[in-house]
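Undergrad: The structure follows.
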Amino acid sequence: MRNPAPKASGKWKHLFICPDRGLFQSLTNLLVEITPSSPLIDLKAYPNRRGLSEVVSSQGPNICFLDVGSNPDTALNVIQDINSLAPGMPVVAIHQSNDPDLILRCLRQGAREFLFQPFAADQLSAALERLARLLLESHAGAQNLGKVYCVMPGKGACGASTLACSLAFQLHHLHKGHKTLLADLDPTTGTLSFLLKLRPTFSFAEVLSQSTQLDEDIWKAITTPCQGLDVILSPENPIEGIAESHEAGPLIEYAREAYGTVVVDSRGPYGEWGLSLARLCDELILVTTNELPVLHATQKMLAHLERNGIEAGKIRLVVNRYSADAGLGREAIEMALHTDIFEVLPNDWDAVQRSLMEGKPLVSNSPLGKAIAVMAERLSGKQAQAKRASMLSGIFSLFESKA
């Protein structure tokens with residue numbers, strides 16, 4: 001009588017990419033015993049990058065078992081795509097036999113484990129235990145990583161870049177002990193160099209086009225110091241399509257490790273580049289106005305984000321240039337977009353023009369500057385902390401008055 005298979009720890013959602021159905025059946029028979037009740041996503045053919053991206057974003061697997069024997073070259077490309085699209089998801093390469101050369105190629109490409117037939121319950125369980133510890137350690141390390149805010153316009157020319165610029169400076173002011181990065185990741189129409197009167201030596205496009213591993217020297221080459229911040233600028237001459245064949249993952253993850261706060265200025269979520277920024281950020285600040293054409297475009301963008309698996313909980317809707325005398329009111333906007341408004345910013349034309357002329361962020365004592373400061377406090381949780389402290393001091397004062 002066979003001993004029962006040891007149960008593996010961790011909550012798993014398995015993604016199988018396995019054209020070899022015999023291999024699939026052999027391994028899943030064991031997985032049912034070792035990880036009972038764990039969901040399984042079954043892809044019977046190797047997916048292209050877009051198809052893989054859709055599965056990862058919509059179904060959220062946290063481990064991939066990949067058949068590397070049916071077509072080794074294609075499988076190795078899939079490993080590379082997974083590491084780019086879902087950097088934290090481990091890949092377990094599976095094969096019919098022990099192939100030392102293929103094992104080495106898979107591990108060099110980024111696979112975490114290699115299993116071959118005949119599969120044994122104790123070996124599979126031990127591999128899952130190692131991967132569970134790896135994920136636990138990575139989550140613990142993630143607590144020290146910086147927070148990434150991505151600013152996207154609901155429609156062009158609604159002030160998203162101006163907001164991203166001023167927000168970065170306000171967040172930097174709130175977190176004086178943290179390094180702050182402001183990144184213009186729009187390869188075609190980026191404007192931060194114009195707003196801040198900066199001229200890039202290199203832009204992020206050079207790194208993407210060279211497929212170079214990021215290190216400190218390369219990072220220094222593509223960042224420009226500006227009033228206490230580091231700034232990444234877009235290409236001086238628009239480059240069509242360069243970002244669409246690349247993923248933003250390596251760039252964002254490097255920034256997350258190097259900075260306490262990262263503010264990304266993006267052109268929007270249309271195309272693979274924009275969607276990858278939307279997926280990678282911690283909070284997505286969607287900028288609109290109360291004008292009907294802009295709200296209509298914003299409504300379409302929200303639907304696009306939802307279709308592509310961007311969780312609604314991280315979207316922060318900001319109404320810029322708000323005027324009660326023109327356009328829709330707050331309640332009507334929320335009803336039309338089926339989304340709560342996170343912040344309403346006033347129409348402060350004079351302050352914006354002065355900022356543009358001087359190449360500096362908005363002055364903090366202007367109406368718009370004050371509103372963005374409040375918004376920064378809300379995003380960072382400072383406002384909630386201040387309110388709680390105020391409430392506690394009020395309660396304590398009541399006790400003191402009765403003493």
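Undergrad: Answer yes or no as to whether Glu129 is buried (at least 18 other Cβ atoms within 10 Å of the Cβ) and acidic (Asp, Glu). Spell out how you get there, then give the answer.
TA: Working: buried (at least 18 other Cβ atoms within 10 Å of the Cβ): no; acidic (Asp, Glu): yes.
In short, no.
Undergrad: Ok, one more. Every residue in region 75-108 that is free of Cβ contacts under 8 Å to residues at least 40 places away in the same chain and surrounded by fewer than 16 Cβ atoms within 10 Å (Cβ to Cβ), please.
TA: The answer is Asn77, Gln80, Ser97, Asn98, Pro100, Asp101, Leu104, Leu107, Arg108.
Undergrad: Sticking with this one: Find the helices (runs of 4 or more DSSP H) located wholly in region 134-227 whose residues include 2 or more that are in the same structural domain as Val363 (by TED's automatic domain parsing) and at pLDDT below 80, and list them.
TA: 204-210
Undergrad: Could you check, for region 275-287, whether at least one of its residues is buried (at least 23 other Cβ atoms within 10 Å of the Cβ) and touching a Lys or Arg at 6+ places or on another chain (Cβ under 6 Å)?
TA: Yes, because at least one residue in region 275-287 is buried (at least 23 other Cβ atoms within 10 Å of the Cβ) and touching a Lys or Arg at 6+ places or on another chain (Cβ under 6 Å).
Undergrad: Please list, ordered by first then second residue, the pairs with beta carbon atoms under 8 Å, 6 or more apart or interchain, first in region 11-23 and farther than 20 Å from Asn77 by Cα, second outside any loop (DSSP other than H, G, I, E, B) and among the polar types (S, T, N, Q).
TA: Pairs found: Lys13/Gln59.
Undergrad: Here is a list of conditions, (1) at pLDDT 95 or above; (2) surrounded by fewer than 15 Cβ atoms within 10 Å (Cβ to Cβ); (3) basic (Lys, Arg), and Arg316 meets all of them except one; can you say which number that is?
TA: Only one criterion is unmet by Arg316, namely (2).
Undergrad: If I ask for residues that are in contact (Cβ under 8 Å) with a residue 12 or more places away in the chain and either assigned to a helix (DSSP H, G or I) or within 14 Å of Leu128 (Cα to Cα) (or both), which ones from region 26-49 would you list? If you could, list the steps in order and put the result at the bottom.
TA: Looking only at region 26-49, we keep the residues that are in contact (Cβ under 8 Å) with a residue 12 or more places away in the chain, and these are 26-28, 30-31, 33-36, 38-47, 49.
Ser26, Leu27, Thr28, Leu30, Leu31, Glu33, Ile34, Thr35, Pro36, Ser38, Arg49, listed by residue number.
Undergrad: Suppose the filter is modelled with pLDDT of 80 or more and either part of a loop (DSSP other than H, G, I, E, B) or closer than 20 Å to Leu280 by Cα (or both); does Val231 pass it?
TA: Details: modelled with pLDDT of 80 or more: yes; either part of a loop (DSSP other than H, G, I, E, B) or closer than 20 Å to Leu280 by Cα (or both): yes.
When the stated conditions are applied, Val231 passes them.
The values are calculated or read from the model by the stated rules, or taken from the named source; none is laboratory data. Here the structure is a predicted model, which is why all the values come from computation and not from measurement. Cβ atoms come from the backbone with ideal geometry, glycine included; neighbour counts cover every protein chain shown.
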